[in-house]
1. Limited to segment 443-478, what total is found for residues that are within 26 Å of the chain's Cα centre (by Cα), outside any helix (DSSP H, G or I) and more than 22 Å from residue 496 (Cα to Cα)?
2. Is there any pair with a first residue in segment 158-184 that is closer than 13 Å to residue 31 by Cβ and not assigned by TED's automatic domain parsing to the domain that holds residue 52 and a second that is surrounded by fewer than 23 Cβ atoms within 10 Å (Cβ to Cβ) and modelled with pLDDT of 95 or more whose Cβ atoms are under 8 Å apart and which are 6 or more apart or on different chains, and what are they?
3. Kindly evaluate residue 413 against the criterion of being surrounded by 12 or more Cβ atoms within 10 Å (Cβ to Cβ), out of contact with any strand residue (DSSP E or B) (no Cβ under 7 Å at 6 or more places or on another chain) and either under 28 Å from residue 193 (Cβ atoms) or in the same structural domain as residue 267 (by TED's automatic domain parsing) (or both).
4. Among (1) without any contact (Cβ under 8 Å) to a residue 60 or more places away in the chain; (2) within 25 Å of residue 410 (Cβ to Cβ); (3) under 18 Å from the mean Cα position of the chain (by Cα), which single condition is residue 70 missing?
5. If residue 229 satisfies every condition in (1) within 30 Å of residue 405 (Cβ to Cβ); (2) at pLDDT below 95; (3) buried (at least 18 other Cβ atoms within 10 Å of the Cβ) but one, which is the exception?
6. Would you check if residue 81 is out of contact with any strand residue (DSSP E or B) (no Cβ under 7 Å at 6 or more places or on another chain) and either surrounded by fewer than 21 Cβ atoms within 10 Å (Cβ to Cβ) or closer than 27 Å to residue 174 by Cβ (or both)?
7. Does segment 369-382 hold any residues that are within 19 Å of residue 345 (Cβ to Cβ), in contact with a helix residue (DSSP H, G or I) (Cβ under 8 Å, 6 or more places away or on another chain) and either free of Cβ contacts under 8 Å to residues at least 24 places away in the same chain or loosely packed, with under 11 Cβ neighbours inside 10 Å (or both), and which are they?
8. Select from segment 139-157 the residues that are at pLDDT below 95 and either over 16 Å from the mean Cα position of the chain (by Cα) or within 19 Å of residue 211 (Cβ to Cβ) (or both) and list them in ascending order.
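The values are calculated or read from the model by the stated rules, or taken from the named source; none is laboratory data. Keep in mind it's a predicted model, so treat the numbers as computed, not measured. No Cβ is skipped: glycine too gets one built from the backbone with ideal geometry, and neighbour counts run over all protein chains shown.
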């Protein structure tokens, strides 16, 4: 392999956030690796999904949300995959991207976001303040096997993953279990977060373990506003799709331009709301400082009654019912008579009156004229009228900061999988595309298919970018390392002829003999860089030759011989 290809293909094995940022096609490679994985296909046999056979993809997706919340937890532990350095990462990718461009869009290299994160100390936010300024976490975007492996990691009781891992899990599961076509799934990455937009009904956004529908996006609750944070405050770095990808910094793009235009339109529709009593009530829930200017009017047994907005929201806070939705009347029934007034509060605008005005005047709040009309109407009631209208417009309309359409789009063969196919058919189809679509070829490296892939990327990744296994074995002699590895469960988190990297093996405390051999070689090489190491894999017998021979047992059925010279050159045969 050429040097530039080695970097990309080793990146497909380790999938750090930085590697995905530099090589955006890797994001979809991971989705395809997950789609090939038997782990997600087994979900189809779960009773919870078998009961939904024949139901709509949307119904299945809503059930998927609870399944993922039950099975997985969000994990952003910076020490899970160890640390690297800014200088090292910048040097490694200097042939692809400049340090200045990295700083424009990467949170760990200077980017702070546009609003919310501007005043946030990013290093303190992520717990990096205990390290020197050059240190950054080697965050991995985990495969589903690595996510599932967390159930074996000390301190965990569930499977786990960070936001990019969860978004790729959702994308794969949406295709496999919900049978949503890949064409309808768009991955949307910002410097600090990763989400999917799924083009179903009004649209659905996946956010960490949750899914957010359009009504949820605009409900004004704390959890929904938190879910909006990345889309509101960050530039979108990468959009990945079955037709290709687009990156905010690169002039070249492979995503189909018509698909990209369609996403821009649909996402824009999802992030915009028409004025209604429900939307305005949701706005007041989120921007509570304006509640003092409004009241709600309620006709009870033929008599008009009035209640201050902040009092009604206090009732809502402890209730199952909500203002202005289908449960509104039940909420009003919970209000004590002493909190109602039979007289309109003259200093406050009645929310129902405002709704009638907006509908009668057909106010378009996206226009300057519409905003001016609203200000004129409310200026006698709302003291901070400019701030109020600006906040309302901000709540109702969000303009996603997508990468520019000013790109040089090139066509690549789109990945067209049929949701009705079996896993075997999917893998057979993807194998047939490896020569014409590099994203697909890279997917087999992310999948860790050691039977059909060149071994060099896996070996280099194992020996160069697995710091945790070295740290865990600190102060152990080589013999002690061998004994330590021998205490682990002799079972891989990857099935068949696929292999875990050393840090996955030690984090999850289980490994096939081949994985133990690579872990040992990584530790020896880091502790004694001048060592010459040989790994001999002969089906069930695995030997590491260094200062002496160390033996392990494998069930992978692989045969290979790897020699590592003191300067890092590899000789791989077999």
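1. From segment 443-478, those within 26 Å of the chain's Cα centre (by Cα) are 443-449, 457-458, 461-462, 464-469; that's our starting set.
Of the ones still in play, those that are also outside any helix (DSSP H, G or I) are 447-449, 465-466.
From what's left, more than 22 Å from residue 496 (Cα to Cα): 465-466.
Number of matching residues: 2.
2. Pairs that qualify, where the first residue is closer than 13 Å to residue 31 by Cβ and not assigned by TED's automatic domain parsing to the domain that holds residue 52 and the partner is surrounded by fewer than 23 Cβ atoms within 10 Å (Cβ to Cβ) and modelled with pLDDT of 95 or more: there are none.
3. Details: surrounded by 12 or more Cβ atoms within 10 Å (Cβ to Cβ): yes; out of contact with any strand residue (DSSP E or B) (no Cβ under 7 Å at 6 or more places or on another chain): yes; either under 28 Å from residue 193 (Cβ atoms) or in the same structural domain as residue 267 (by TED's automatic domain parsing) (or both): yes.
Yes.
4. Answer for residue 70: the failing condition is (2).
5. (3)
6. Numbers: out of contact with any strand residue (DSSP E or B) (no Cβ under 7 Å at 6 or more places or on another chain): no; either surrounded by fewer than 21 Cβ atoms within 10 Å (Cβ to Cβ) or closer than 27 Å to residue 174 by Cβ (or both): yes.
No, not satisfied.
7. As a first pass, look at segment 369-382 and keep what is within 19 Å of residue 345 (Cβ to Cβ): 377-382.
Subset that is in contact with a helix residue (DSSP H, G or I) (Cβ under 8 Å, 6 or more places away or on another chain): 377-379, 381-382.
Residues satisfying the conditions are 377, 379.
8. Initially, segment 139-157 is screened for residues at pLDDT below 95, giving 139-141, 154-157.
Listed by number, the residues that qualify are 154, 155, 156, 157.
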